[in-house]
Amino acid sequence: MTALEAVLRRRSRSSVSEIAPTHDELLPFVEAAATVADHGDLKPWRLIELRGSARSRLGAAFVEASGLDGKDAAKLAEKPLRASLLIAVVVSYKPSFKVHRWEQEAVASGVAHTLSLLLDEAGWGVFWRSGGHTRSEAVHRMHELGPDEELLGWLYVGGVVTEKPEKKRSFNASRFVTTL
Ligand SMILES: Cc1cc2nc3c(=O)[nH]c(=O)nc-3n(C[C@H](O)[C@H](O)[C@H](O)COP(=O)(O)O)c2cc1C
């Protein structure tokens, strides 16, 4: 499969099964994703695997951030349980005069997009999620992030359960490319 084919074939999987790559299975994909263009080679990112009860703790942090209670809180608390592996994508800003924070976010985002593509191409189901509480204090604390770190959301990873029909690709690229 060419890179072009893999990119065109990729689709987000909102529902996935219980299976998920192990830590050791994940590492080669991360190693490959880490080759994205990176100004100054700062590696301004890291990933955190959330498995098992860590996902419930994330649900509790969502609830704390939301201030909800009752049924709405219970529903929110279950959101991270939609996959058995969540990969938190963290931008870890590095001090640099030359490489601004937005450039470092671009690198972390590139790693996450590339990792999603690689996992998808390998047959895993992936869905990148964020939400209004992503950068809340409770969620920050739950991930034990440092003061110079922010979340870019989570890659929900699991087994592919349903074959969706081919994505309709009617994108008119010429409307998004201009020439000066
Ligand atoms: C940073 C980021 C955060 C996202 N957060 C959500 C989210 O919380 N909920 C959601 O439905 N889609 C979210 N999306 C979009 C989905 O991951 C996905 O791209 C979208 O459903 C389109 O599907 P496709 O990737 O197959 O084209 C997010 C995408 C990105 C890049």
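Please work out how much length the chain gains when fully extended from TRP102 to SER170, using 0.36 nm per residue of separation minus the C-alpha to C-alpha distance, in nm with one decimal.
21.4 nm
Which of LEU85, SER66, ALA112 sits farthest toward the positive end of the charge dipole of the chain, with +1 on the Cβ of Lys and Arg and -1 on the Cβ of Asp and Glu?
Of the options given, the answer is SER66.
Full extension from GLU18 to VAL30: what is 0.36 nm times the residue separation minus their Cα-Cα distance, to one decimal in nm?
2.2 nm
Mind telling me which of GLU25, GLU150, GLU103 comes out most flexible in a GNM of the chain, alpha-carbon contacts under 10 Å?
Ranking GLU25, GLU150, GLU103 by mean-square fluctuation puts GLU25 first.
Full extension from SER130 to MET1: what is 0.36 nm times the residue separation minus their Cα-Cα distance, to one decimal in nm?
43.5 nm
What list of ³J(HN,Hα) couplings, whole Hz, do you get for region 146-154 from phi and the Karplus terms 6.51, -1.76, 1.60, once you set θ to phi - 60° and write x for glycine and proline?
x, x, 9, 10, 9, 8, 10, x, 9
How much mean residue ellipticity at 222 nm does the chain get from its helices, if each DSSP H run of length 4 or more adds -39500 (n - 2.57) and you divide by all residues, to the nearest 500 deg cm²/dmol?
Working: 6 runs with 67 residues, N = 180.
The per-residue figure over the chain is -11500 deg cm²/dmol.
A short reminder: the numbers here are calculations on the coordinates, not readings from a lab. All of these numbers come straight from a predicted model, not from anything done at the bench. Here Cβ is always computed from backbone atoms with ideal geometry, including for glycine, and neighbour counts include all displayed protein chains.
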